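Worksheet: the structure to be examined is printed underneath.
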Amino acid sequence: MGVEPENTLRSFVRAEHEGMDVIELDLHLSKDGALVVMHDADVDRTTDGKGPISDFTLAELRELDAGEGERIPVFEEVVDAVKAPLQAEIKDTAAARALAEVLAGRDLLDRVDVLSFHDEALAEIRTLLPTARTALVASRYGLDVIDRAHAVDAGMLVLNIRRVTLELVERAHAAGLRVIGWTVNTPDQLKLVRGLRLDGATTDFPEIRRAARFTA
């Protein structure tokens, strides 16, 4: 989120308070197997530490400042902190099995959509949790992204807004796929979302919701 320290509990609580329809978060595994909520594979950009997340235990990660005194949360803490629907994006393919175990163990399949750039992560989720709702995320793609989504039985595409075309959206809809655009932070990008007839968009700024209903 662009108005709070990124991927922190404070940002998720703020997103829910602002009325976001869905809250998106990113997942990696710590050295000791915790589902850590962070966008990057390393801690350099968003904390006062340095190095890959996978080199830190959860206890070590807890010692880092994730912005304005916030600490790095784990997935289960976010689930407990907010009641809104969640989109859990698997950044590290190794996190797929751990996420599946939490979703099943805490009966979260109706509340959490699983997203990933990694086809293999979505395929593993589908194997472990046949009824999970999944979405394929893509930045550089063509019309083949529709076939990729079908190959892993995903029900939604989450696509870089800069490359989305009306042809792709129409074909995806005809194939039974919803299409979400990211990242939509300006009025012009919002107009593009509407013009392309997307099913929604991901934004860093809650005020976008004043014009339409989107995810945070």
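E16: in contact with a Pro (Cβ under 7 Å, 6 or more places away or on another chain), of a type outside the set (A, V, I, L, M) and not assigned by TED's automatic domain parsing to the domain that holds W182, yes or no? Let's see the steps before the verdict.
Details: in contact with a Pro (Cβ under 7 Å, 6 or more places away or on another chain): no; of a type outside the set (A, V, I, L, M): yes; not assigned by TED's automatic domain parsing to the domain that holds W182: yes.
In short, no.
Residues that are among the acidic types (D, E) and within 30 Å of D110 (Cβ to Cβ): does the range 3-11 have at least one? Yes, some residue in the range 3-11 is among the acidic types (D, E) and within 30 Å of D110 (Cβ to Cβ). A Cβ distance below 7 Å, combined with a sequence gap of six or more or placement on separate chains, defines the contacts here; from the range 100-111, residues that are in contact (Cβ under 8 Å) with a residue 12 or more places away in the chain reach residues that are in a helix (DSSP H, G or I) and of a type outside the set (V, I, T) in the pairs A100/L128; V102/F75; V102/E76; L109/L103.
Show me the strands (runs of 3 or more DSSP E) entirely contained within the range 9-111 in which 2 or more residues are buried (at least 16 other Cβ atoms within 10 Å of the Cβ) and charged (D, E, K, R).
On the way: elements: 23-29, 35-37, 86-90.
Qualifying strands (runs of 3 or more DSSP E): 23-29.
Here's the yes/no breakdown for (1) assigned to a helix (DSSP H, G or I); (2) surrounded by fewer than 17 Cβ atoms within 10 Å (Cβ to Cβ); (3) acidic (D, E):
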| site | (1), (2), (3) |
| --- | --- |
| A135 | no, no, no |
| Y141 | no, no, no |
| L159 | no, no, no |
| L168 | yes, no, no |
| R171 | yes, yes, no |
| N185 | no, no, no |
| Q189 | yes, no, no |
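The values are calculated or read from the model by the stated rules, or taken from the named source; none is laboratory data. Because the structure is a prediction, the values reported are computed rather than measured. Heads up, the Cβs are rebuilt from the backbone with ideal geometry, glycines too, and the neighbour counts pull from every protein chain shown.
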